[in-house]
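A.B. asks: Before we start, here is the structure in question, set down as structure tokens.
The values are calculated or read from the model by the stated rules, or taken from the named source; none is laboratory data. The structure presented is a predicted model; accordingly, all values stated were derived computationally and were not measured. Ideal geometry is used to build each Cβ from the backbone, glycine not excepted, and the neighbour counts take in all protein chains shown. When the accessible area is computed, the model is the full protein with side chains, heavy atoms only, and any ligands, DNA or RNA have been set aside. Shrake-Rupley method; radii C 1.70, N 1.55, O 1.52, S 1.80 Å.
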Amino acid sequence: MKILVTGFDPFDGEMMNPSMEAVKRLPKIINGAKVETLELPTVFQVAAKQCRDAILDRQVDAVLCVGQAGGRDGITLERVAINLDDARIPDNMGQQPLDSIIQADGPAAYFSTLPIKAMVQAIQEVGIPASISNTAGTFVCNHIMYQTLYMAAHEFPHLKAGFMHIPFMTEQVVDKPGQPAMDLAHMTKGLEAALHALVDYYDKEDLQISGGKEF
């Protein structure tokens, strides 16, 4: 089994993006699965093209895209991506789409095809706060989640895909009083635990437990 795990480059004036910092520190093999990593640009459309190229080139079985969600206090697995770009800030190429459909022939939303409840439980079991989120936003994070699920539906029927948000890294909140943060070691540990569960539940039904927040 082969898993592609992506992170993003820094955006919105930040000097680092914890998603890629955590992804870079993953082991090459987790629970018997080979882990492939990729840094994506925080750019609408371009990120999706690069992700598609990697899926084709590396012949992966699952994709977990990871992004930063400043203000959240734990790791969150996203349940749903919506067919809409509505950017609060410009991306790294200065694009700021407003009320724009991502795929004209796509459904209003896609649900993650990853075992998100099992993944959340695995993160919690290693002592790290985690939950399911019911909104991936309307910026590049939601965009890449929607696009990978669209690709799976139209081109890669074997592919399972989803998205994880992680908080600010501790170093990022020095000038942001009151903002929650997590140290990089815990982020990486939580990400690794989630991937371990992904492998365990790849061909199984997800856990039937309650979960989900309205953020």
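A.B. asks: Does residue 91 count as surrounded by 15 or more Cβ atoms within 10 Å (Cβ to Cβ), of a type in the set (D, E, K, R) and closer than 25 Å to residue 190 by Cα?
C.D. replies: Answer is no for this residue.
A.B. asks: Criterion first (buried (at least 20 other Cβ atoms within 10 Å of the Cβ) and either modelled with pLDDT under 95 or of a type in the set (Phe, Trp, Tyr) (or both)) does residue 111 satisfy it?
C.D. replies: No; evaluated as a whole, the condition is false for this residue.
A.B. asks: May I pose another question? Check residue 67 against each of (1) closer than 24 Å to residue 138 by Cβ; (2) modelled with pLDDT of 95 or more; (3) open to solvent by 20 Å² or more (accessible area, probe 1.4 Å) and name the one condition it does not meet.
C.D. replies: For residue 67, the failing item is (3).
A.B. asks: Got at least one residue in the range 97-108 being free of Cβ contacts under 8 Å to residues at least 12 places away in the same chain and among the aliphatic types (A, V, I, L, M)?
C.D. replies: Yes, some residue in the range 97-108 is free of Cβ contacts under 8 Å to residues at least 12 places away in the same chain and among the aliphatic types (A, V, I, L, M).
A.B. asks: A further question follows. When the range 28-47 is examined, which residues are found to be open to solvent by less than 20 Å² (accessible area, probe 1.4 Å) and either closer than 15 Å to residue 64 by Cβ or of a type in the set (Ser, Thr, Tyr) (or both)?
C.D. replies: Across the range 28-47, the qualifying residues are 30, 33, 35, 40, 42, 47.
A.B. asks: May I pose another question? Residues being part of a loop (DSSP other than H, G, I, E, B) and either surrounded by fewer than 17 Cβ atoms within 10 Å (Cβ to Cβ) or among the β-branched types (Val, Ile, Thr) (or both): count how many of those fall in the range 48-64.
C.D. replies: 2
A.B. asks: Right, something else. Using beta carbons and a limit of 9 Å, which pairs, at least six apart or on different chains, have the first residue in the range 54-68 and among the polar types (S, T, N, Q) and the second one in a strand (DSSP E or B) and open to solvent by 20 Å² or more (accessible area, probe 1.4 Å)?
C.D. replies: Partner pairs satisfying both residue conditions: 59/2.
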